[in-house]
1. Looking at the chain, send over the antiparallel percent of its DSSP beta bridges, to the nearest 5.
2. Got the relative contact order for the stretch 123-167 handy, in percent, Cα pairs under 8 Å and 6 or more residues apart?
3. Where nothing but the Cβ of Lys and Arg (+1) and of Asp and Glu (-1) is charged, how large is the charge dipole of the stretch 44-115 around its Cα centre, in debye to the nearest 20?
4. With the Cα gyration tensor of the stretch 27-172 giving a ≥ b ≥ c as the square roots of its eigenvalues, does the rule (a/c under 1.5 for rounded; else a/b larger than b/c for prolate; else oblate) give rounded, prolate or oblate?
5. Hey, got the dipole for the chain? About the Cα centre, +1 on K and R Cβ, -1 on D and E Cβ, debye to the nearest 20?
6. Packing-wise, with mean Cβ within 10 Å as the measure, how do 157-163, 146-152 rank, highest first?
7. Projected onto the charge dipole of the chain (+1 at Lys/Arg Cβ, -1 at Asp/Glu Cβ, origin at the Cα centre), which of Phe75, Thr228, Gly117 gives the Cα projection farthest towards the positive end?
8. In degrees, nearest 10, range 0 to 90: what is the angle between the Cα axis of helix 205-214 and the longest Cα principal axis of the chain?
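The values are calculated or read from the model by the stated rules, or taken from the named source; none is laboratory data. A quick note: this is a predicted structure, and the numbers were derived from the prediction, not measured. Here the Cβ positions follow ideal geometry from the backbone for every residue, glycine too, while neighbour counts run over all protein chains shown. For the accessible areas, the whole protein counts, side chains as well, though only heavy atoms, and no ligand, DNA or RNA atoms are used. Shrake-Rupley method; radii C 1.70, N 1.55, O 1.52, S 1.80 Å.
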Amino acid sequence: MPLRFAVASCAAVAFVALAWPMIELRIGADHFAGRTPQEVILDSGDSVFLDAEAAIVERTSSADREAELLNGVAFFHVKRDERAFMVRAGGRLVRVLGTFCEVSRSGDVLSVAVVEGSVEVVDGELSWHLTAGDLLRLHTDKSPQTSQIRPGDVAAWRWGRLIATGTPLSEIADAIDRRLAGRIVIIGGQLGEARIVGNFDLSRPLSALRAAAAAEGARVLAAPPALTLVVPAF
């Protein structure tokens with residue numbers, strides 16, 4: 001087989017492998033945001049702002065207000081109602097009681113940040129009660145992490161900003177990844193765990209990634225459209 005055909009075949013296989021998860025999400029979701037965030041009004045009258053590549057399934061009935069977050073980040077504006085609003089994400093439950101809050105699902109990590117009102121997060125037999133300014137991160141293989149965040153900084157992506165307050169570089173890469181063609185890969189697990197502080201411009205995603213990586217002395221090697229690597233400094 002001529003080299004150019006072999007390269008083309010490999011590129012096609014790589015494209016399908018990268019694109020298929022998003023295709024599955026589009027098929028399985030009631031609401032899916034592409035590269036641009038979008039606002040959705042649910043049948044319950046509640047609103048949800050979906051970040052890029054966020055996907056949800058809506059399950060509203062006369063007795064329940066519920067949505068399942070399949071992927072990505074969603075900012076919920078929940079009306080006060082005698083029925084609690086439930087957000088399910090990867091086996092965990094977020095019970096929202098008339099509030100503004102952000103729910104993020106990335107791999108096995110669930111993050112919940114509250115702007116106003118109160119939220120209860122349930123993970124198996126454990127539960128947490130959150131109020132304005134509370135941020136909770138849940139991992140499958142790590143202890144839960146709670147911290148504080150300025151309510152005005154929550155879901156800053158709605159205005160094209162990414163505000164990191166000790167945020168793992170892997171989570172920053174995920175947020176930026178949703179705005180780039182192809183995928184971002186971080187080389188080295190420890191680099192992905194590095195905690196980053198900063199305010200980054202999501203309208204220039206590659207520049208934002210370089211700035212975040214530079215905080216740890218790391219480099220970004222871009223090979224668009226398929227792959228962007230973040231590598232430790234040597």
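1. Percent antiparallel among DSSP bridges in the chain is about 90.
2. Computed value for the stretch 123-167: 26 percent relative contact order.
3. Using only the charged Cβ atoms, the result is roughly 220 debye.
4. Rounded is the answer for the stretch 27-172, as its axis ratio a/c remains below 1.5.
5. Dipole magnitude for the chain comes out near 820 debye.
6. 157-163, 146-152
7. Of the listed residues, the answer is Thr228.
8. Once rounded, the angle reads 80 degrees.
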